[in-house]
Amino acid sequence: MKQTKSIFEHLRVLEFSHGECRQGYHQEKVFGDGGESVEIYTAEIEPGRWAWGYNVYFSNERNAHRFPNLEYGYCRSERDAKLFILGVLLVNGRMFTQTAREAIGNAITELQQLKLF
């Protein structure tokens, strides 16, 4: 999947460097239904530098995968990294079924909710 803009572009720090996380990253399933699934990955590659990644299986049986790395910049918190990559996925929503798009939107809404406890 080509890296495109996110609706949360303002959360990304545009400093590019090398550093990839192939293990020890946090994995979160956003959607899964039959052959289509969306998982996002986050990892703190360096202190205060959170990277994102994804593993997506589309309904047409294609797959897109990327480990968290600093190639496209970083976010300052895990929450920001999750919002950023979910925003990228939402911008590329035409590649997903309506149900998957709704799940991505719900995940964004949940992250945006303030939690008191």
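The values are calculated or read from the model by the stated rules, or taken from the named source; none is laboratory data. In this text the structure is predicted, and so the values were computed from the model without any measurement. Backbone-built Cβ (ideal geometry, glycine too); neighbour counts: all protein chains shown. Ligands, DNA and RNA are excluded from the accessible area calculation, which covers all protein heavy atoms including side chains. Shrake-Rupley method; radii C 1.70, N 1.55, O 1.52, S 1.80 Å.
Scan the range 18-32 for residues that are open to solvent by 40 Å² or more (accessible area, probe 1.4 Å) and either modelled with pLDDT of 90 or more or within 13 Å of residue 74 (Cβ to Cβ) (or both) and jot them down. Selection gives 18, 20, 25, 26, 27, 28, 29, 32. The strands (runs of 3 or more DSSP E) located wholly in the range 2-117 include none with 3 or more residues which are at positive phi.
So for the range 39-50 (the condition being under 15 Å from the mean Cα position of the chain (by Cα), hydroxyl-bearing (Ser, Thr, Tyr) and modelled with pLDDT of 90 or more), does at least one residue qualify? Within the range 39-50 (the criterion being under 15 Å from the mean Cα position of the chain (by Cα), hydroxyl-bearing (Ser, Thr, Tyr) and modelled with pLDDT of 90 or more), the answer is yes, since at least one residue qualifies.
Let's see how each residue does on (1) closer than 16 Å to residue 14 by Cα; (2) touching a Ser or Thr at 6+ places or on another chain (Cβ under 7 Å):
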| site | (1), (2) |
| --- | --- |
| 72 | yes, no |
| 81 | yes, yes |
| 91 | no, yes |
| 95 | no, no |
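Answer yes or no as to whether residue 96 is touching a residue at least 60 places away in the same chain (Cβ under 8 Å), touching a Cys at 6+ places or on another chain (Cβ under 7 Å) and buried (at least 18 other Cβ atoms within 10 Å of the Cβ). Taking the combined requirement at face value, the residue does not satisfy it.
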